[in-house]
Amino acid sequence: METKKLTDDLKLNFENKIVEVTEQFGDDIIVINKDALLGIARFLKEKPYDFAMLLDLTCVDYQGRDPRFEMVYHFFSLSQNKRLRIKVPLSESKLTISSLTPLWKNANWLEREVYDMFGVHFEGHPDLRRLFMYDEFEGYPLRKDYPLRKRQPIFHMRNEE
Amino acid sequence: MGRIKQRRHYEERYRGNFFTTNLNALIGWGRRYSLFHYPFITACCGMEYMSAACGHWDFDRFGVGMTTFSPRQADMLFVVGTITQKEAPVLKTVYDQLVEPKWVIACGACAVSGGIYDNYAVVQGIDKIIPVDVYIPGCPPRPETILDAIDKLQDKIQHQKQDWRWKPKS
């Protein structure tokens, strides 16, 4: 019952921003347009849906598909014991999306990781730097077109003239 | 009287009261049983290192008891675990800060060769950064393997050509 209510409510409020609504293993998957992300996230965080927890936030590289990247957000509602997945397709030419740091503080490092690994820029992020790789690193290692054998050592290695 | 003959003569005369050796062997003997080690532990091999270092296997028995957490007080570096490209300058700095003479043990598949991590982030063996004396294979190695490596390193220290500060330069 609750499931239907959430998706229906979302369709009612953001009717032309919702691309697709599916369901898997009892959890809703909602594909949305990227300009509605912040509005929908705020809507979900507030009562009655109360998705107070941002479980994870990551990116997928579908090389060869037209919107090449897809952001995936996992939310969890403690009061309802419900999970929700939100997907946002991103085209390679315009790889920016609004940051969720104003709503969930833990989005800070998660978004830095996605920026580090995929090169997605987050608008409104307070401190968008690389998280895992060093500053001298060029390229984004988890993209499918990053060369498998490419190494970028910081200084000259021994035994390699 | 020849040197050997003279030595035999004294050994006969003062049997049991002294022994003869050479300075190289004496210093090697002193060094092999007083290793101060710095554990550079980054990954899961550290668990095996801990059990080898603590009560169960206890490599203090072999004279590697002193664990220091300052490289300036250590002469043996225990590199245990994966070394990433980002961490490589840190390892190099720690190695440079060790006091002479210094030895390095690479413990575990990652430190030896990069292990399963043949990717953009991991150094393919720490011998690309610093010289290594003993390699310990295994993912992770058993504590017995670590004890064996210490034994081999001590053999190497005993038999190497020792260097010391006041040694005349040839």
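Here are the numbers for this structure:
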{"quantity": "Flag if B:Val79 is at pLDDT 90 or above and touching an Asp or Glu at 6+ places or on another chain (Cβ under 8 Å)", "calculated": "no"}
{"quantity": "Search result, residues across the stretch A:128-155 that are hydrophobic (A, V, I, L, M, F, W, C) and surrounded by 13 or more Cβ atoms within 10 Å (Cβ to Cβ)", "calculated": "A:Leu128, A:Leu131, A:Phe132, A:Met133, A:Phe137, A:Leu142, A:Ile154"}
{"quantity": "Residue list for the stretch B:94-111, filter: open to solvent by 10 Å² or more (accessible area, probe 1.4 Å) and within 14 Å of another protein chain (Cβ to nearest Cβ)", "calculated": "B:Tyr95, B:Asp96"}
{"quantity": "Count of the stretch B:148-166 residues which are exposed (fewer than 15 other Cβ atoms within 10 Å of the Cβ), not charged (D, E, K, R) and not in a loop (DSSP other than H, G, I, E, B)", "calculated": "1"}
{"quantity": "Any chance A:Leu103 is among the aliphatic types (A, V, I, L, M), open to solvent by 10 Å² or more (accessible area, probe 1.4 Å) and touching a helix residue (DSSP H, G or I) at 6+ places or on another chain (Cβ under 9 Å)", "calculated": "yes"}
{"quantity": "B:Val79 vs. criteria outside any helix (DSSP H, G or I) and either open to solvent by less than 20 Å² (accessible area, probe 1.4 Å) or touching a Pro at 6+ places or on another chain (Cβ under 9 Å) (or both)", "calculated": "yes"}
{"quantity": "The stretch B:112-139, residues that are of a type in the set (D, E, K, R) and either within 13 Å of another protein chain (Cβ to nearest Cβ) or in contact with an Asp or Glu (Cβ under 7 Å, 6 or more places away or on another chain) (or both)", "calculated": "B:Asp118, B:Asp127, B:Lys128"}
{"quantity": "Condition broken by A:Gly64, with the remaining ones in (1) small (Gly, Ala, Ser); (2) on the phi > 0 side of the Ramachandran plot; (3) surrounded by 13 or more Cβ atoms within 10 Å (Cβ to Cβ) satisfied", "calculated": "(3)"}
{"quantity": "Conditions (1) open to solvent by 10 Å² or more (accessible area, probe 1.4 Å); (2) within 14 Å of chain A (Cβ to nearest Cβ); (3) not β-branched (Val, Ile, Thr); number of the one not met by B:Phe62", "calculated": "(2)"}
{"quantity": "Condition check for B:Arg72: among the basic types (Lys, Arg) and surrounded by 19 or more Cβ atoms within 10 Å (Cβ to Cβ)", "calculated": "no"}
{"quantity": "Residue, nearest to A:Pro153 (Cα to Cα), within the stretch B:118-143, restricted to residues that are open to solvent by 30 Å² or more (accessible area, probe 1.4 Å) and assigned to a helix (DSSP H, G or I)", "calculated": "B:Lys128"}
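Condition check ((1) surrounded by 13 or more Cβ atoms within 10 Å (Cβ to Cβ); (2) outside any loop (DSSP other than H, G, I, E, B)) across all residues:
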site: B:His9; (1), (2): no, yes
site: B:Asn17; (1), (2): no, no
site: B:Thr20; (1), (2): no, no
site: B:Ala25; (1), (2): no, yes
site: B:Gly28; (1), (2): yes, yes
site: B:His37; (1), (2): yes, yes
site: B:Ala43; (1), (2): yes, no
site: B:Met50; (1), (2): yes, yes
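The values are calculated or read from the model by the stated rules, or taken from the named source; none is laboratory data. These numbers come from a predicted model, not from an experiment. Methodologically, a virtual Cβ is constructed for each residue, glycine included, from the backbone with ideal geometry; neighbour enumeration extends over all protein chains shown. What goes into the accessible areas is simple: the full protein's heavy atoms, side chains included, and nothing from ligands, DNA or RNA. Shrake-Rupley method; radii C 1.70, N 1.55, O 1.52, S 1.80 Å.
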